[in-house]
Amino acid sequence: MTRPLRIAVAGLGTVGAGVVRLLQENAAAIAARAGRPITVTAVAARDRAKDRGVSLDGLTWYDDPRSLASADGVDVVVELIGGSDGPAKALVEASLAQGRAVVTANKALLAVHGAALGRAAEAAGVALGFEAAVAGGIPVIKVLREGLAGNRVSRVAGILNGTCNYILTEMRVARKEFADVLADAQALGYAEADPSFDIDGVDAAHKLAILAALAFGSEVNFSAVHIEGIRRISALDISFAEDLGYRIKLLGIARETSDGVELRVHPAMVPSQNLLAAVDGVFNAVMVEGDFVGKVFLQGRGAGAGPTASAVVADLIDIARGCVVPVWGQASASMAQGEAVPIARHQGAYFIRLMVVDQPGVLADVTAILRDHGISLESMLQHGRKPGEAVPIVLVTHETNEAAVAAAIADVAALDAVLETPALIRIEPE
Ligand SMILES: NC(=O)c1ccc[n+]([C@@H]2O[C@H](COP(=O)([O-])OP(=O)(O)OC[C@H]3O[C@@H](n4cnc5c(N)ncnc54)[C@H](OP(=O)(O)O)[C@@H]3O)[C@@H](O)[C@H]2O)c1
């Protein structure tokens, strides 16, 4: 058989140990598909004494992951340390500079430095694989870069963070508030001790920036993504959403509009008959719309040792086969600037929930403000009446623009009868 492809794995945590195990357990099938064995020869992590549940016998250990860029007996470096800078970036840059192919699951690194790393890989003529960086086991990078390469993509919309989807699902099913479900999720290991990257939308935004670059042929630009998380979603809003025929999901959306491409991560009202609405728990899903293919929908596990290792190993098999595709689907020099339309120019319908003192004239004041800002209402909902007490009122607008809604909400919030900051959730069409 042909010479094995020799792999160095930097980082032996959840994903790194999973990759080593997958390459060991499925070695025969992988060798048959790749045309040659794929063998781990070297590893690096911080703690040499830690039991990682996989055999590291016969592998060369390096304390400094950067050594793998030039270590003997290595063809491909697999970076599974994480973080947009620090040792992960140093290792990937050094490996590419040495003409060594790289596979990584590091969305933060790709989202922030992906354009420069793509140019470095291109200059070296080597692969930079990152299938595992978006939606774990779902092969969405390959779908966008290869399977749909003939299409003009008009929209990518996805549930890109399993932690947020788990929390929103539990809030709906168990009718609990955000803070209680977050605490449960942390106890179950579905949420990190510091959950802010997940629940504030940053992790989903990293992934969206990567998907948008592939979908629209523009340089990856994380700073162009508008980001809102799920901290302010209440059980009340989830219940009103159900009454109106929607589910609330944290979506990452990259959409072509007449003004340019929108890049946004925020909680959204998704019609309950939409495929994305039915994706519950820790699952991820991505919908891509292309001009010739129509809608393509992918769903699966977005994290965990097995699904993420599955994606890393798919990239390794491509490299073993000798496939080198452009990192971002086309030559770096042919890519557009990664600009996005400001959220203030977003056009769409909105869900607005107010808590008001139930007294005569409040609704008239609110609707007058909306009218003055040119906003028309599709429906209005009020559950129960408690004269003199706080009651929720829900307003659903027709299509309007974000700047008008923001101005109207500021005026509404200033009314004496309006008790708390109004909740505002964008409604996503089919
Ligand atoms: N977990 C998932 O489900 C998932 C899914 C998709 C993508 N990813 C991405 O995959 C990457 C790895 O995630 P993970 O969950 O596997 O992380 P993890 O469990 O925290 O593992 C990180 C590994 O990196 C090692 N490491 C950290 N700093 C190091 C340093 N300075 N020098 C050498 N080694 C160092 C750690 O060594 P020690 O073990 O010795 O401490 C550990 O083995 C991240 O980019 C993440 O975003 C993860």
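The values are calculated or read from the model by the stated rules, or taken from the named source; none is laboratory data. Keep in mind it's a predicted model, so treat the numbers as computed, not measured. Cβ sites come from the backbone with ideal geometry, for glycine too, and all protein chains shown count toward neighbours.
Quick notes on this structure:
- Considering residues of the range 199-239 that are of a type in the set (D, E, K, R) and buried (at least 23 other Cβ atoms within 10 Å of the Cβ) only, the residue farthest from residue 330 (Cα to Cα): 203
- Qualifying residue in the range 106-124 (condition: modelled with pLDDT of 95 or more and farther than 25 Å from residue 337 by Cβ): no
- Selection count, the range 250-297, where residues are of a type in the set (Gly, Ala, Ser), without any contact (Cβ under 8 Å) to a residue 60 or more places away in the chain and farther than 21 Å from residue 232 by Cβ: 4
- The range 78-106 - residue that is among the hydrophobic types (A, V, I, L, M, F, W, C) and part of a strand (DSSP E or B) and, of those, farthest from the ligand (Cβ to nearest atom): 101
- Counting only residues that are in a loop (DSSP other than H, G, I, E, B) and crowded, with 16+ Cβ neighbours inside 10 Å, the range 66-77 holds 3 of them.
- Checked against the criteria, residue 344 does not count as under 26 Å from residue 121 (Cα atoms) and in a helix (DSSP H, G or I).
- Flag for residue 396 being in contact with a Pro (Cβ under 7 Å, 6 or more places away or on another chain) and buried (at least 17 other Cβ atoms within 10 Å of the Cβ): no
- Residue list for the range 6-55, filter: more than 8 Å from the ligand (Cβ to nearest atom), in a strand (DSSP E or B) and out of contact with any Ser or Thr (no Cβ under 7 Å at 6 or more places or on another chain): 9, 38, 39, 40, 43
- Any chance residue 109 is farther than 19 Å from residue 209 by Cβ and within 12 Å of the ligand (Cβ to nearest atom): no
- The range 125-146, subset part of a loop (DSSP other than H, G, I, E, B) and on the phi < 0 side of the Ramachandran plot, residue modelled with the lowest pLDDT: 137
- Matching residues, the range 381-406, being in contact (Cβ under 8 Å) with a residue 40 or more places away in the chain and of a type in the set (A, V, I, L, M, F, W, C): 381, 393, 394, 395, 396, 403, 405, 406
- Criterion violated by residue 156 - all others in (1) of a type in the set (Val, Ile, Thr); (2) over 20 Å from residue 302 (Cα atoms); (3) in a strand (DSSP E or B) satisfied: (2)
- Qualifying residue in the range 373-381 (condition: of a type in the set (A, V, I, L, M), surrounded by 13 or more Cβ atoms within 10 Å (Cβ to Cβ) and closer than 23 Å to residue 252 by Cα): no
- Pick from the range 278-322, criterion among the hydrophobic types (A, V, I, L, M, F, W, C), part of a helix (DSSP H, G or I) and more than 16 Å from the ligand (Cβ to nearest atom), ranking: farthest from residue 134 (Cα to Cα): 320
- For the range 325-380, a tally of residues being over 24 Å from residue 244 (Cβ atoms), in contact (Cβ under 8 Å) with a residue 60 or more places away in the chain and of a type in the set (S, T, N, Q) returns 4.
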